[in-house]
Structure formats: structure tokens, C-alpha cells
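To start, the structure under review is shown below, and the notes come after it.
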Amino acid sequence: MRDNGEGEYMAIQTSETSCHMQVDSRSNSALSNEQTAVSATRKNAHGGGFSLTGFLLLVANITYWMCAGAYTPFLSSYFTSIGLSATEVGVLLTISPLAIIFIQPLWARLSDATGKRKLVLGFLAAASAAAALLYYVGTSYLTVLIATIVFVLFFSALLPLCDALVIQSCNDFGVEFAHVRMGGTTGYAFVVFIVGLYLDRAPQAQFIVVTALSLVFLAAVVALPQARRHEGTGTASHDEPTAAESAAEVSAAQPQATSIVRFASDRPVLGIFRTQEIFFILAFAFVSQMGLGFSGSFLGRYVVELGYGQSLVGVLSAVSALSELPILLFSHKLVNRFGVMRLLAFSCVMMVARLVLIGMGTVTTMVAGQLLQSVTYMTVYYCCTRYAAEAVLPGKLSQGQSIFVLVQSGLAMMVANLAGGAIGDTLGMRASYFLSAGLVLVSTFVVLVAYRAWHASISHAHEPAAASVSRE
């Protein structure tokens, strides 16, 4: 959402918060001392093992998303296959969002406070591998409930910590995050397709696959190089990048990067961010994830209700993952061209279309709906991840990523799972898809109107100062 005064607002923002923001438009001939140091680090990385470092980051990202692909897409269909109702499935699927809200932030805070991201992430991967085996204790509702609780206590924290560690390392070693993330998308697509074909014959094999992939992910994390200044210091003030480095973390090695953060606050927001605009970013993330969470959680059950098997779930999940690749290729340019808010609002509207297409219930329309993953999930993921990296205060990177996961995979997923399960039992899954589409549409409109009102008020408040800066 850009306007003619954006340059003035950025000038004000830079002058008012010079200790936090060095992320305005930069010329290659006038880099700051901090940015010069970052560039030197990247050159050293390119000259001394950059290809190996990039490969290791790629492997770590791929193996995490393979773990997620083996667990999440098939969970509701597994619960359905052992005789659980839609309401019971909804309750079980809500355990993970609850863990993300109450437990995952503690892991993120521990990671930031100690600076030991690799150690914490490695422990969580090992614990997840062991906890997945609890699903083999039995198939009663109580047994599955306990297994799910124990598993998500560890697994729910893997994503924000993995993102924080990979983003840091991409910045330190001159690797482009979007390209690393493409590896994760490819790994996810591969594993959901292969696992989906196999689970038709052996549904319970899902959890041994999760255990095996979690151990591979653990090995990948251990193999990652030590991050510059981030590991082993024990203090957040030294183990996090400067504000200038944070601005480049997601878009590392991109010389034309521009700031997407505006209207910095005098006081920290939520103790983590530098701008109140973060509330609207989180609101759009919540709305889009309500639709995405419902679709992802109950797609397996819906497919089974329609008379298809796990193989179709795998195919649909693979189609959705592969559709992300074109967006990742151009995500940086899209954010710079259209801005975060426009892309988030557009993604929410596309989520409405996706839910309607899947709700139609034919293979053709479901495939078409899954193809919209690129503009309903990946655009939101990239916008939020990049925004968090730029808007976060020094020393708060893990917690910044954690907030987005809390809102998206926590609060939004909890609403989607509980409401989706109850409505699914009452009206059927097809009606639930159409109702979810209507809810996302209305919520998108409300958030957009609220953001425009806030934007107008904050812009008006900056006008006198902007005029003064312009005269100078």
C-alpha cells in the first residue's frame, strides 16, 4: 500500500529511529560500516566453502519439510481410518495449535536467550523422532490423544527455530533464502506423493516414516556450520544481527533490497517489533490461515468421505507444494513491487476461491484449488517471514518468527480445527468448505478497512514532520 509520500515517511522513520533502522534505499557506493562488514562476510563465505554451506542449508530445509509432509497432511485421514468422528479429529488437531500458543514460544525464548539455536533445534528433532513412536501404543481415543500431546510439545517448535537458524545462516554466508526454501517445497512435494501412495496399504507406517525423517533432519542440523556470532555467546545482544543485517536476512545477497517496514514506534511492540503495523500483518496472517488450516486439516477426511484413498491426498498435497516454486522465484520482486499488505489481502481473496473450488468435490476442481497454494500460502509465508526479519528488534529473531507461527499455526489453526470439526459433523465437510470461504471473505474485508483507517490516521500524524523534513 504505497502512496506519494512514502519517501518522506521513510526519511522520518530513519531520522527518528536511527539506532534501529538502517534499511532505507541503499546505494552500492555508500554502504554503512555494518553493511560493509556484512558484505565482507558474504564475500568470505563465497570464497571459502559457500557451495558446501548452501548445500547444508538446503538439506536442513528439505528434511524439515519432509518431516512436516509425512505427518500433517495424512493425520486427519489416519484418525478417520481408526474410527474417530469429525469432532474428535478436530479436537486432536487442535492440540498442536495449543502447543504452538503455550509451549513453542518458550522454546523460541530459550533459543534467543542462550544463543544455542542448533542445540535446541537438534534436541527438539531427536525428541520428535522418539515421540512419534507413541502412536503405536494403541488406537483408542485416549491413547492417540496422549501420543499427540507428547509429540507436538516438541514438533510444534521446529518450524520457527528452523526458519530463524536458516535465515541467520543465509545472511551470514551469502545464501539466498528463497532458493533454500524452494528445496523445502520440493522435498515436501516428493514425500507427500510417495508416502500417500504407500499409506493406502499401510496407514500406520506414517509414524515410523516421521521418526526416520526426524532423525535425518537432526543429522542435517548437526552438520550446519556455526553461525557467525549467533552461537555460543549466551547473550541476545551479541548473538543476533544488527538492524541493518536483520533487514537483509531473508533477502540475503539481493543488492536491490528495499525496506518494507514503515511507521516505526517509539516503544517496542509486543516487546519484539518496531512498528504497530505488525498487528495488521498478523491479522491478515490469521485470516488466511483460518482458511488454509481448515482446508489442510480436513482435506484428508473430505477425500475419504468422497470415496477416494490416501493416494489422492498425496497427489493433491504434492500439487499444492509444487505450485509454490514459481512464487519463490519471484517473491522478492513481488514484495518490492506490490508491498506486503497488498499481497496479503490478495492472498486472502485467493483463499476464498481455493475453498470454493475444493468444496465442489470433483478431482478437477480440487486440483485447481490446490494449485492456488502458491498465492494463498507461499505469498503469506514469504511476506510474513521477511517482514518479521526486518521489523524485529535486535536479539529477538527467533521470537519474531515464533509470533507468526503462534498466530498462524496456533490461534488460526485452533479456530479452524474446532469450528471445522463441529460444522463437519453437523452439516458435512462440503458445506464446511463453503462456510469457511464466506468467513474468510468477510474477515478479509474487515481487516482491510481497519488497516486503511489506521494508515490514513498515521499518515496524517506524520504530515507536519514530513513537510519539515522535506524543507530541510
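Quick notes
- Packing-based ranking of 133-143, 287-297 yields 287-297, 133-143, ordered from highest to lowest mean Cβ neighbour count within 10 Å.
- Cα-projected label distance for VAL446 with ALA219, points at 7 Å along beta-carbon direction, nm: 4.9 nm
- Solvent exposure of region 154-225, expressed per residue, is 30 Å² of accessible area, with all protein chains present and a 1.4 angstrom probe.
- Gyration tensor verdict on region 120-199 (Cα atoms; rounded if a/c is under 1.5, prolate if a/b is larger than b/c, oblate otherwise): oblate
- Kirkwood radius, region 292-386, all distinct C-alpha pairs, inverse of mean reciprocal distance: 13.7 Å.
- Per atom type, region 302-401 shows carbon and sulfur on 73% of its accessible surface, probed at 1.4 Å.
- Model label zone, ARG430; criterion: amide N under 11 Å from point 7 Å along Cα-to-beta-carbon; scope region 301-322: 306
- Working from label points 7 Å from Cα in the Cα-to-Cβ sense, the VAL137 to ALA113 distance is 2.9 nm.
- Subtracting the Cα-Cα distance of ALA456 and LEU52 from their residue separation scaled by 0.36 nm leaves 140.6 nm.
- Under 5 Å between amide hydrogens, built in the peptide plane, is the criterion, and for THR275 it picks out SER265, VAL269 among residues at least 5 positions away or on other chains.
- Sites HIS179 and ARG342 - FRET efficiency at Förster radius 25 Å, r taken between beta-carbons, to 0.05: 0.55
- P(r) histogram, all alpha-carbon pairs of region 395-446 included - 5 Å bins from 0, percent: 4, 18, 19, 19, 16, 10, 7, 4, 2, 0
- Region 69-84 - phi-based ³J(HN,Hα) in whole Hz, Karplus 6.51/-1.76/1.60, Gly and Pro as x: x, 7, 9, 5, x, 9, 5, 5, 6, 5, 4, 5, 5, 9, x, 8
- Charge dipole of region 323-441 (Cα centre as origin; +1 on each Lys and Arg Cβ, -1 on each Asp and Glu Cβ, all else neutral): 280 debye, rounded to the nearest 20.
- Ranking HIS179, HIS332, HIS460 by solvent-accessible area of protein heavy atoms (1.4 Å probe, all protein chains present), from largest to smallest, gives HIS460, HIS179, HIS332.
The values are calculated or read from the model by the stated rules, or taken from the named source; none is laboratory data. Quantities reported herein were computed from a predicted structural model and do not represent experimental measurements. Because the Cβ atoms are built from the backbone with ideal geometry, glycine has one as well, and the counts that use them run over all protein chains shown. Side chains are part of the model used for accessible areas, which takes the heavy atoms of the whole protein and leaves out ligands, DNA and RNA. Shrake-Rupley method; radii C 1.70, N 1.55, O 1.52, S 1.80 Å.
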